[in-house]
Amino acid sequence: TADQTTRIDPSVSNLIDTFLLTRDYDTQFRKYLADSTGVKPLPPSSDNLYTSFSREINKIKSISDEVIYHPVTYKVLFGDKAETTLQARFKVVKNPDIPINDNQIKSQIINYINLFFSLDNWDFGDTFYFQELATYIISNMTPQVLSIVLVPVDARQSFGSMFEVKAENDEILISGATVNDIDIISSNTASQLKADGNIEVSSETNTGISSGGSY
């Protein structure tokens, strides 16, 4: 309370930016990445967020607080559904002494990439470091995989340009990579790690399992 000699200022003095990722947008976007829908979903507008959440938030905010609702969007890395500057291919050197099919390696790598980008592991505005992803994959796929590198698709970018990618405060990172974005190569040479051109793959035969050709 205020006495008669004190004036109360009813104007808003605290602006609180609130970033929200809704479950519906998350579900629809993951379906879009999985090719179960061809339409890229849009995040809810600030007005929609206000309508959905303001009633409960107003119960706990101060009278001098003004809550501003910001929708959070996904920032896609790798894959053809990412922006051109964020598209990349994974170059994988497998162990020639281990009898494992190339498609099996690719499938396992995509599985570990998706686990790495699980929503529980990321927050708004986080930074992606490729070395962390590479270490996670290698530690789970040794001895089948000897090394893995990331090469940008855009020929104007150089090798290593996507080793670090930062999200904005209203963005959260997610992988759009598929098995089609992985190349099995024989070794990490300069010609095989270039951003464009053919990727030469040596032909190998391991215990009746043959793989080879060019991409």
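The values are calculated or read from the model by the stated rules, or taken from the named source; none is laboratory data. A quick note: this is a predicted structure, and the numbers were derived from the prediction, not measured. Cβ sites come from the backbone with ideal geometry, for glycine too, and all protein chains shown count toward neighbours. Only protein heavy atoms, including side chains, enter the accessible area calculation; ligands, DNA and RNA are left aside. Shrake-Rupley method; radii C 1.70, N 1.55, O 1.52, S 1.80 Å.
Some observations on this one:
- The residues of segment 26-51 that are at pLDDT below 90 and open to solvent by 90 Å² or more (accessible area, probe 1.4 Å), listed by number, are Asp35, Val39, Lys40.
- Selection within segment 111-140 - in contact (Cβ under 8 Å) with a residue 24 or more places away in the chain and part of a helix (DSSP H, G or I): Tyr112, Ile113, Asn114, Phe116, Leu119, Phe130, Gln131, Tyr136, Ile137, Asn140
- Applying the criterion of being open to solvent by less than 20 Å² (accessible area, probe 1.4 Å) and either touching a helix residue (DSSP H, G or I) at 6+ places or on another chain (Cβ under 8 Å) or part of a loop (DSSP other than H, G, I, E, B) (or both) to the residues of segment 83-102, the residue that is nearest to Arg156 (Cα to Cα) is Ala88.
- Note on segment 56-87: among residues that are polar (S, T, N, Q) and over 17 Å from Tyr25 (Cα atoms), the one that is nearest to the chain's Cα centre (by Cα) is Gln87.
- Within segment 63-82, considering residues that are assigned to a loop (DSSP other than H, G, I, E, B) and of a type in the set (A, V, I, L, M), the one nearest to Ser13 (Cα to Cα): Ile63
- The lone exception for Arg156 - which of (1) farther than 27 Å from Pro44 by Cβ; (2) not in a loop (DSSP other than H, G, I, E, B) it fails: (2)
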